Amino acid sequence: MGLQGYLLVSAILFGIGMFGFLARRNAILMLISIELMLNAVNLSLVAFNAYAYYAPDDNGAVFALLVMAVAAAEATVGLALVIAIIRTRQTPEVDDYADLKD
Amino acid sequence: MVTLRNIIHSAIAMMVCFGSLAGMYALLGAPIVAAAQVLIYLGAISVLILFAIMLTQAGDANLPSPFHRQVPLAIVAAVVVVGLIGWAVTQTDWGNATVVIAIGLDALAEALFTTYALPFEILSLLLLVAIIGAIYLARRPEDDEKANS
């Protein structure tokens, strides 16, 4: 296990989030997938920080906390946008947002 | 969790995922990050997403296929990315990186308020902007007209 295990879990989590973002049609689920990818990156940051065998400091944890705050801001604005567009379109399916194409 | 048909089930699975990530942070010797994960993700973002789902779900009577046509492409892209990262991770020599270094609360707080004071303040500004922007975006248009008249 060790560092490699955590990094592999992080990579798999990122892959799942990427698949969800690319393949799903629901806007809210795309936001959930973005949160998943941010969490995967956070996990690898904390893992690198915990296994730093030279110059041990807390930079990784601080960076993870900053990423969390940015993720919270992103989720807030993203969900507000999704709710606004669902209110005007009556559908959360991103396939139906095709006015510029038609 | 990204393949479930019912989006509420997806949100519950996401909460389970966030909880297990908090456990992994605690295992990695970062209890502060674990606590922040529980507070921010399990407490705030999950509730936010559940509220958004409940506000927007018109009823799950006619659930179409939840996927685009581009599912094969998405699978290929995700597998390629995971494969590349996994290959890089397994091929790299990580040295003697076996000891978990626990993070002290004192050192973390000092780093956050001295070395990283400027990013910290910029972050609070960003959160303020996000709050105001979200209120502006999610407001109902008729409230606006009522306030103007």
Subject >> Highest-first arrangement of B:131-140, A:7-16, where packing means the average Cβ count within 10 Å >> reply: A:7-16, B:131-140
**OP:** At 0.36 nm per residue, minus the direct Cα-Cα distance, what do B:Leu39 and B:Asp93 gain on full extension? Give it in nm, one decimal, please.
**Re:** 15.9 nm
Subject >> Largest to smallest principal axis extent of the C-alpha atoms in the protein assembly as shown, angstrom >> reply: 62, 46, 29
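Only the coordinates and a few stated rules stand behind these numbers; no lab work does. These numbers come from a predicted model, not from an experiment. All Cβ positions, even for glycine, are placed from backbone atoms using ideal geometry, and neighbour counts span all protein chains on display.
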